[in-house]
Amino acid sequence: MRPRRNATKAGEPNPQSGHDEMDQVEPAKDPHKVEALERGLLLLQAFRRGDQYLGNAELAARVLLPKATVSRLAYTLTAAGFLVFDPESRRYSLGPSAIAVGSTALANTSVRDVARPYLEQLANDMALNVGLGMQDRLQIMYIDAYEGNPLIGLRLYSGTRLPLPQTSMGRAILFAYGPQKREEILGQVRETQTPEEWQATRAGLDQAMRDLEELGYCSSAGEWRPEIHAAAAPIRLPDGRVYALNAGGPAYLVPIERLGEIGLRLRSIAEDIERAMGGDGAPPDTTNFDR
C-alpha cells in the first residue's frame, strides 16, 4: 500500500478517496492517445444544459468511471479553472476556462451565423423544431436550434446530444463523410449493439443512404423515439467540415407524408448555406470524401 499524501487544504476537493483505481485501469490500446486527458474531457462533457452543480457520484455515473478516478480528474480540472468546486455542497460547476473554450468554439463556427436566419425562418414557417448539428463521436451535437411551436413538446437546445445512427441528422452527416469514414464509424456503432439492434440500425441506414443519394435528404420516422418524426439534409463545406440540418416534431404534427416536403426545404437551405460558405451548393460527391 502506498503512503497517503498530505491532506488538502480546507475547502478543496480531495483528489484521492479510497483506492487509486485510475492506476488499475488497463493502458489505452492506442499508444498515441493520452487516456487521462480523454477522461478529463469526458468529465466536462458530462455537464448538460440545466446542470448547475454535479457531485462525484453523479459525474461517475455519467462517465462510467470509479468515483476515486472522477475525484482526481475533477481536482485537476478545478486547478486548471475548467471546474469550480463548491465546498459547502461538495459539488462542481463548469469553470471560466471551460466556458471560454466553448464560447470561442461557437464564435469560430461561422456556419452558425450563416444558417441562423434560415433556421429561424423554417422553424416559424413550418412550426417545427429545427437544428444545426455536427458529429461528436457516436452522437450528434446540436450547435444551434430553434423552436417553431412551443406547444409541440419537443425541446432540443444548443448542446443537446442525440444518437448518431438512429437520427436523420446523424445519417445525413454519415452520408456527407463518404463510404470509408462512414463504415469506420459504423464499425464502432456495431460494437455497442446487439446483433438484433445492429440489423435494425443497418437497415435504416441503408435506406437513408439511398434517399440521400436520390433525393438529397433522409428521414427518421420513430426510429429515435417512437413519437418523433424528422428529416435532415447534409452540409459539406469546402474545408471538409460536415454538418447537417434537421426539422421535426411529434408524429401527429409531422406525419410520414409530410417528411418529403420538409426534406426538400432542408435540402434547398443546405445548398444555400454551402454556397454562402464558398461551396457550389451541388450534391456532395462522396466517392472520395472520407475525412
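So the values come out like this:
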item	result
Spread of Cα-to-Cα distances over 10 Å intervals beginning at zero, given as percent, for segment 132-279	12, 44, 35, 8, 0
Cβ-defined net charge surrounding Ile140, 13 Å radius [Lys, Arg +1; Asp, Glu -1]	+1
Percent RCO, i.e. relative contact order, over segment 109-276, from Cα pairs under 8 Å lying at least 6 residues apart	22
Relative counts (whole %) of C-alpha pair distances in segment 21-100, using bins that are 10 Å wide	18, 53, 24, 4, 0
Sequence-separation-based contact order of segment 41-92, relative, with Cα cut under 8 Å and 6+ spacing, percent	36
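Read the figures in this text as sums done on the coordinates, not as results from a lab. Since the structure is predicted, the reported quantities are computational estimates derived from the model, not experimental observations. FYI the Cβ positions are ideal-geometry reconstructions off the backbone, even for glycines, and counts take in every protein chain you see.
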